[in-house]
Amino acid sequence: MLSRTAANLFWMARYLERAESTARLITMGQRMAVLPGSAYRDEWRSVLRVTGCESFHTGGGPVTEEDVVRILLLDPDNPASIQSCLVRARANGRSVRTKLTQEMWEALNLSWRRFEGYDVGQARAELPTLIDWVKTRACVFRGAAETGMMRHAGHDFMRIGGAIERAQMTLRLLDVKYYVLLPETDVVGGGRDHYQWTSVLHALSGSRAYHHVYGGVHTPANISDFLMINRTFPRSVAYCVDQMRSHLERLAMEHGTLATCHKTVDEIFELLLNGQDGAIFQRGLHESVQLCLKLTNRLADEIADSYYF
Amino acid sequence: MELSVRHQTTYRYETPVSEVALRLRLQPALLDNQTPRDWTVTVNGALVQSFRPNAFGDGEGFFHRRTGVEEVVIVAAGLVATRDRAGIVSGFRQEAPLPVFLRQTPLTRPDGALGDLARSVADPDRLACLHALSAQVRDRIGYRSGTTSTASTAAEALAQGQGVCQDQAHVFVSVARCLGIPARYVVGYLLAPEGDQALRETHAWAEAWVPGLGWIGFDATNGLCVTDHYVRLCCGLDAQDAAPVRGSVFGATAIAIQADVMIGVAGPSADQQTQQQQ
Amino acid sequence: MSFFEMQAPDGAIRACYAEVKRWIDETGIEGLHRRMDEAEAIFRRIGITFAVYGEGGDPERLIPFDLLPRVFSRLEWQRLEQGIRQRAQALNAFLYDVYHRGEILRAGHIPQELVYLNPAFRPEMLGFDPPGRVYSHIVGIDIVRTGPEAFEVLEDNCRTPSGVSYMLENREIMTRMFPGLFAKGLVTPVDNYPALLLKTLKEVAPPACKGDPVVVLLTPGSLNSAYYEHSFLADLMGIELVEPMDLFVENDRVWKKTTAGPRLVDVIYRRIDDDYLDPLAFRPDSLLGVPGLFHAYRAGGVTLCSAPGAGIADDKAIYVYVPEMIRFYLGEEPILANIPTWQCGDAEGLAYVLAHLGELVAKEVHGSGGYGMLIGPHATKAEIAAYADRIRANPGGFIAQPTLELSTVPTLGETAVVQRHADFRPFCLVGEQMRLVPGGLTRVALTEGSLVVNSSQGGGVKDTWVLRS
């Protein structure tokens, strides 16, 4: 398959995934912001930090919902805004239009300019609807791919792109929020941390799933385990790495050769495997998260190199 | 006369480029006027062997690299035995129809002043007309480097009254074509007249068609027809068309180009030197 | 009075339209409108397909589809086919000639400067033999009809004529919606066009090709207005749709960049203009293009379809000489006539055109798409005067033709079947052999009395039938 086609599919999936993750983060920010003492904690800032957009907030002072809506939802000049991500996902999709099914294309193409006319006030007023709309687009797209797309190499590149992006979002969230998950915060206890944890879970749509796995108790060890190591939760790093491995394996079969990216994905896999049963805490959660971020970045570069993007 | 030539072109890119492609017209053709010997073209040390005649009979080669390149060094070198044939250039393997050389290009398109110049040198005796034109070009456009660029047109050069050999050749071919005389832009090497500071770059002149004689090389810059001091590389409708090196890169931020031409009368020692270079 | 293709002046239905007429009467106007809405819905669904991909999300524009087919009898088609093949052969012979010895010019049949000074002429192509000596592999010939026996050529398209996807899609929709119409096998199928095109392209593989030729379709990209057609044809031929950045040249061969590394390409069906093919050979400021492509082409490492410079054969200034070409190269009389044409470039023609502009259709030599055109009888005095000034300023840039009584075809109107003017573009494939599927693109001017069929100016399309007997 053409390298450009592979690259377009890979990036299309990443941008769409990124738009969806950002939408989830904004929801988390809203939850956090209504908690007591939120202004003092500047919760919205951590949302900007997770998406790497802190520098878009100029002028000092705490970050407001208005700022976040402007920067993360609407700003066409911010490459990480939902608006930019949707535009880029569609642009990548259009270049490989013939590799997509009709339904996949429609999911990308439908109202991709939806946010163009919005001002911040209007977007805030309709925020829950807009956020839901973004999530739905991503779900429809994935569903259309699930049942309609040929399982050629292009499908693998697309899935790998999505899995890398999703893993990275979870990792970045952990990177920004790791302090509330440190064992010593246990002793602090009380309402605030409880809300912090549940919000993190909520941002990843993992609250319910968490309860099924660990029961009702929120402990930093369990939450970290859930988000990093658990292989059944689809937004956990481990699950995403499983996905990457399986699709990279298919690519290796198809191309008849292993590349450096296969070594790296195994390395990440080992790292997580060795982190089981609280080991990841003993090694340092923050260090592990940062190492995983570094390795997934490297993996993305190596995939591009190995398949001549 | 046997001339020894070494022509080096260096492209330096500020950051490594992902892809470089070069069109090379650095292979002097075998003509009645010139016989190249031991002529080689290398890019970053690798021999370019893909030369084949283009539509005008000039050798054209191609070079391509897809890995990070910071510098491209193109070296054309060898010996050329030249013969003085009173300006007549002949022996082309491939001839394009003459009216093709009446095509004006964006660089040669005549304006009013060029049209006036054409009228002033018009003469039923074509050879006399062309000599008059050559003299006029030399008079009207003083040689001064740095006053024009590679994008300057014949009309601009004439209006400005100064320029380099490229501008003088452009004006020459533009006016000749206005008069219905097939003319083309030529690039090559010139062994500078004694006493002149040696030319360290390629030279440009023009060829015009005279019935009964064929193509005649006019070097308006020096006010003479080509002699055995000239080595002809290639021709085209204008400087852009006849560029000995044309490049296309992906991912370059800034490019520095440096050209260096060394030309001398070959002796036994020069022969050896060429050998060593290879 | 225009010739109405469905009905003779005495009201009798022409034989080839019997089936269509029966179907119209059976379905009724209201029924037809209902089916038309359905057809439109299908088009909108496969939809995208016909949209013009405008950047900035312009509303997707469908080219209007008219339900009523245009029909040619077997005999009519046979004559058309002979004429089209003859013309395609002569045009290719002309291209070979002007890029070699120029015999037709030496013989004085065509003025030399009209060819050699023409911007569509590519000196870079001189002395080169493309595989099979074919330059234009897909010749689209625009034909109009002015009477029962009178077919005339409006213009030739030797570069990369578009519209064949409409021929295929229109038939597809009709077959899907009205299987009964086709069940009797009266209509010759056209759906083997992609297979024939691929066969043709493989036949002109370059000397360097070993084994089964690898063919790709080169598109400028998804922003191009014909992108749908590019992807449609690539899909139907089962070949890769590539953009310039997917290709590179090394060792005199063309390679495509794939996830498994570089892979050879033998034949390129390019839907990209000469100027943007190769920045090292043509426009240096072009950001598109494959550097070195032309070098590989001349080295016999790849075949470009069509050949660069093929446009000289369909230049409007050259058009008038096509009958001359047919006589010169084939020793035959033209089967399809040209439309009488005055060249404003010569003094006599200019004088005539300026004196009769109000009756003529005047066109720019290098214009296309129906723009920059003056239809004298439909123009105001001021428009005619303004156009005359433009001609005087650059006479060589204009030609003029008489206003033709174009034939009309049955078209679905609001309350009845109406007559609308139409033209016809068949596509002749030229490889080792010439191939022609029985059909083509019929474009119809949807406004009453209008002669402009271009889709950019309110034209529509319809299915074209060639009957088996």
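Here, each number is a calculation from the coordinates, and none is a lab measurement. What you are looking at is a predicted structure, and each value in this text was computed from that prediction instead of being measured. Cβ atoms come from the backbone with ideal geometry, glycine included; neighbour counts cover every protein chain shown.
So for each of A:145-152, A:237-244, C:402-409 I average, over its residues, the number of other beta carbons within 10 Å; can you give me the resulting order with the highest mean first? Working shown, then result.
Details: A:145-152: 12.2, A:237-244: 23.9, C:402-409: 19.5.
Packing order, densest peptide first, comes out as A:237-244, C:402-409, A:145-152.
The phi-based Karplus calculation (6.51 cos²θ - 1.76 cosθ + 1.60; θ = phi - 60°) puts the 3J(HN,Hα) values of the range C:21-36 at 5, 4, 5, 4, 5, 5, 7, x, 4, 5, x, 4, 4, 5, 5, 4 Hz, whole numbers, x for Gly and Pro.
Centroid-to-centroid, using Cα positions, the range C:258-329 and the range A:275-300 are 54 Å apart.
Run the helix sum for chain C: -39,500 (n - 2.57) per DSSP H stretch of 4+ residues, divided by residue count, reported at 222 nm to the nearest 500 deg cm²/dmol. Don't skip to the end; give the middle numbers.
Values: 13 runs with 140 residues, N = 469.
So the calculated ellipticity at 222 nm is -9000 deg cm²/dmol.
Taking 0.36 nm per residue of separation and subtracting the Cα-Cα distance, what length does fully extending A:V217 through A:V120 add? Could you put the intermediate results ahead of the total?
Working: separation 97, 0.36 × 97 = 34.92 nm, distance 3.84 nm.
Gain on extension, A:V217 to A:V120, equals 31.1 nm.
Here the calculated FRET efficiency for B:R52 and A:E267, from their Cβ-Cβ distance with R0 = 51 Å, stands at 0.55, rounded to the nearest 0.05.
Quick check on chain B: helices-only [θ] at 222 nm, where DSSP H runs of length 4 and up contribute -39,500 (n - 2.57) each and the sum goes over total residues. Nearest 500, please.
Values: 5 runs with 56 residues, N = 278.
Helices in chain B give a 222 nm mean residue ellipticity of -6000 deg cm²/dmol.
Taking the Cα centre as origin and putting +1 on Lys and Arg beta-carbons and -1 on Asp and Glu beta-carbons, what dipole magnitude results for chain B, to the nearest 20 debye? Write down the numbers at each step before the final one.
Working: 23 positive and 28 negative charges, 103 e Å.
Dipole magnitude for chain B comes out near 500 debye.
Farthest towards the positive end of the charge dipole of chain C, among the residues C:V353, C:P111, C:Q433, is the Cα of C:Q433, using unit charges on the Cβ of Lys, Arg, Asp and Glu.
Once the piece of chain linking A:H152 and A:E249 is laid out straight, how much longer is it, given 0.36 nm per residue of separation minus the C-alpha distance between them?
Details: separation 97, 0.36 × 97 = 34.92 nm, distance 1.29 nm.
Computed gain between A:H152 and A:E249 is 33.6 nm.
Dipole orientation for the range A:63-119: of the candidates A:S84, A:T98, A:V69, A:T98 has the Cα lying most toward the positive pole (charges on Cβ; Lys, Arg +1; Asp, Glu -1). Less than 5 angstrom separates the built amide H of B:V245 from those of B:R25, all sequence-distant by 5 or more or on a different chain. 3J(HN,Hα) couplings calculated from phi for the range C:254-262 with the Karplus curve 6.51 cos²θ - 1.76 cosθ + 1.60 (θ = phi - 60°) are, in sequence order, 9, 10, 9, 8, 10, 5, 9, x, x Hz; Gly and Pro show x.
When only alpha carbons of the range A:1-150 are considered, Rg and Dmax amount to 16.4, 54 Å. Divide the volume of the convex hull around the Cα atoms of the range A:110-152 by the residue count and you get 72 Å³ per residue. Rounded to the nearest 20 debye, the dipole magnitude of the range A:209-260 is 60 debye, with +1 charges on Lys and Arg beta carbons, -1 on Asp and Glu beta carbons, and the Cα centre as origin.
Any chance you could run the full-extension gain for C:H356 through C:E26? It's 0.36 nm times the residue separation minus the Cα-Cα distance, nm to one decimal. Let's see the in-between values first.
Values: separation 330, 0.36 × 330 = 118.80 nm, distance 4.74 nm.
This chain segment gains 114.1 nm when fully extended.
Restricted to Cα atoms, chain A shows a radius of gyration and a Dmax of 19.3, 58 angstrom. Using θ = phi - 60° in the Karplus curve 6.51 cos²θ - 1.76 cosθ + 1.60, the 3J(HN,Hα) couplings for the range C:373-383 round to 10, 10, 9, x, x, 9, 9, 7, 4, 5, 5 Hz; x is entered for Gly and Pro. Dividing the mean sequence gap of close Cα pairs (under 8 Å, 6+ apart) by how many residues chain C holds gives a relative contact order of 24 percent.
Farthest toward the positive end of the dipole of the range C:251-366, out of C:I335, C:F282, C:N251, is the Cα of C:N251, where the dipole comes from beta carbon charges about the Cα centre.
Quick one: net charge around A:G154, please, counting Lys, Arg +1 and Asp, Glu -1 for every other residue with C-beta under 13 Å from its C-beta. Mind dumping the intermediate values first?
On the way: positive: A:R4, A:R97, A:K99, A:R151, A:R159, A:R250; negative: A:D156, A:E254, C:E240.
The answer is +3.
Can you give the calculated 222 nm mean residue ellipticity of chain A, where each DSSP H run of n ≥ 4 adds -39,500 (n - 2.57) and the sum is split over every residue, rounded to the nearest 500 deg cm²/dmol? Write down the numbers at each step before the final one.
On the way: 17 runs with 213 residues, N = 309.
Only helices count here, giving -21500 deg cm²/dmol.
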